[in-house]
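Each remark here refers to the structure printed beneath this line.
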Amino acid sequence: MLIEQVPQCIRRFFQPVIWRGNAKEKKIFLTFDDGPTPEITPWILDLLDMYNVKATFFCIGNNVEKYPDLFLEIQQRGHQVGNHAYTHKRGMFTDTKIFFEDIARAQKLINSDLFRPPHGHITPRQIKKLKHTFKIVLWDVITRDYDATLPPEIILQNVKKYSRNGSIIVFHDSLKAEKNLRYALPKSLAFWKEKGYECSLIHPTITTSSDKNR
Ligand SMILES: [Zn+2]
């Protein structure tokens, strides 16, 4: 499916973006975008602790500035953080200079070598420049938890249908995803555990040994 799992032919246009870990390893890379969010992040952190799972949080700079203690707590509890721009600008529809300024503003707060473009919208030219500073991380599976019009069962179904070796999975640490997240995340963690997947941090664990795995 085009939305939940982008086909290989499209992924090739966006190299060296990371889409997926090594297809030979039974690992899942769990990621949360758009936080920190006081109503959601502590619940996610407690749940991850219950499953002894570490994840990567692509944070919005503006939220980090508003909730610095929560941002710190994410890291203190063993998780990783990545830059998701300061105001969640779409690179493809934003002047490149303004886009880069937004990322730089977030970087002063987040200080990570990982970057995920908001909405996945980024141009090849922007990738070419940013790849010197960041590992640019997109995803293998987008759960669509952000779409509150979807029933939460569909989100879980997406996880079960599309998870595979090396999958980078996207959930959202945000209010718009709350209903779907609270239903689907605990069940997804139970599902991966049952299937024998190890949830890993993107950096430095991830390996993309061949282009086929991106
Ligand atoms: Zn986002």
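Pairs linking a residue in the stretch 149-162 that is more than 13 Å from L181 (Cβ to Cβ) to a residue that is exposed (fewer than 14 other Cβ atoms within 10 Å of the Cβ), with Cβ atoms under 7 Å and 6 or more positions apart or on different chains, do not occur. Restricting the stretch 120-148 to residues that are within 18 Å of R12 (Cβ to Cβ) and polar (S, T, N, Q) leaves a set whose member that is modelled with the highest pLDDT is Q126. What do you reckon, is K212 at pLDDT 95 or above and surrounded by fewer than 20 Cβ atoms within 10 Å (Cβ to Cβ)? Spelling it out, it is not the case that K212 is at pLDDT 95 or above and surrounded by fewer than 20 Cβ atoms within 10 Å (Cβ to Cβ). Among residues of the stretch 62-84 that are under 11 Å from I110 (Cβ atoms), those with a Cβ under 7 angstrom from a residue that is within 16 Å of the ligand (Cβ to nearest atom) and of a type in the set (D, E), sequence gap 6+ or separate chain, pair up as H84/D33; H84/D34.
Is it true that M50 is of a type in the set (A, V, I, L, M, F, W, C), modelled with pLDDT of 95 or more and surrounded by fewer than 16 Cβ atoms within 10 Å (Cβ to Cβ)? Break it down stepwise before answering.
Details: of a type in the set (A, V, I, L, M, F, W, C): yes; modelled with pLDDT of 95 or more: yes; surrounded by fewer than 16 Cβ atoms within 10 Å (Cβ to Cβ): yes.
The answer is yes for M50.
Would it be correct to say that K89 is among the basic types (K, R) and either crowded, with 21+ Cβ neighbours inside 10 Å or outside any helix (DSSP H, G or I) (or both)?
Numbers: among the basic types (K, R): yes; either crowded, with 21+ Cβ neighbours inside 10 Å or outside any helix (DSSP H, G or I) (or both): yes.
When the stated conditions are applied, K89 passes them.
For beta carbons closer than 7 Å, sequence separation of 6+ or different chains, a first residue in the stretch 27-41 that is modelled with pLDDT of 95 or more and a second that is within 13 Å of the ligand (Cβ to nearest atom) and acidic (D, E), the qualifying pairs are F32/D173; D33/D173; D34/D173; G35/D173; P36/D173; T37/D173; I40/D173; T41/D173.
Among residues of the stretch 7-20 that are among the aromatic types (F, W, Y), those with a beta-carbon under 6 Å from a residue that is modelled with pLDDT under 80 at least six positions away or on a different chain give the pairs W19/R11; W19/R214. Considering (1) more than 16 Å from the ligand (Cβ to nearest atom); (2) within 18 Å of S174 (Cβ to Cβ); (3) among the polar types (S, T, N, Q), the lone condition that N63 does not fulfil carries the number (1).
Residues that are touching a strand residue (DSSP E or B) at 6+ places or on another chain (Cβ under 8 Å) and surrounded by fewer than 16 Cβ atoms within 10 Å (Cβ to Cβ) were ranked within the stretch 1-25; the one that is farthest from D140 (Cα to Cα) is P16.
Here K176 clears all of (1) basic (K, R); (2) within 14 Å of the chain's Cα centre (by Cα); (3) within 15 Å of the ligand (Cβ to nearest atom) except the condition numbered (2). If you go through the stretch 131-158 and pick out every residue that is farther than 20 Å from Q5 by Cβ and more than 16 Å from the ligand (Cβ to nearest atom), you end up with 5.
Which residues, counting only those in the stretch 61-86, are under 21 Å from L130 (Cα atoms), out of contact with any Pro (no Cβ under 8 Å at 6 or more places or on another chain) and surrounded by 19 or more Cβ atoms within 10 Å (Cβ to Cβ)? Within the stretch 61-86, G61, Q80, V81, G82, N83, Y86 qualify. Being at pLDDT below 95 and within 16 Å of the ligand (Cβ to nearest atom) is a property that does not hold for F13.
Of all residues being among the basic types (K, R), modelled with pLDDT of 95 or more and within 23 Å of F171 (Cβ to Cβ) in the stretch 68-119, which is farthest from the ligand (Cβ to nearest atom)? Just the residue, please. First the steps, then the outcome.
Within the stretch 68-119, the subset among the basic types (K, R) is 77, 89-90, 97, 105, 108, 116.
This time we only want the ones that are modelled with pLDDT of 95 or more, so: 77, 105, 108, 116.
With within 23 Å of F171 (Cβ to Cβ) added as a condition, the list becomes 77, 116.
Working: R77: 21, R116: 7 Å.
Looking at the filtered set, the residue picked out is R77.
The values are calculated or read from the model by the stated rules, or taken from the named source; none is laboratory data. As the structure is a prediction and not an experimental result, all values here were calculated from the model. So basically every Cβ, Gly included, is an ideal-geometry build from the backbone, and we count neighbours across all protein chains shown.
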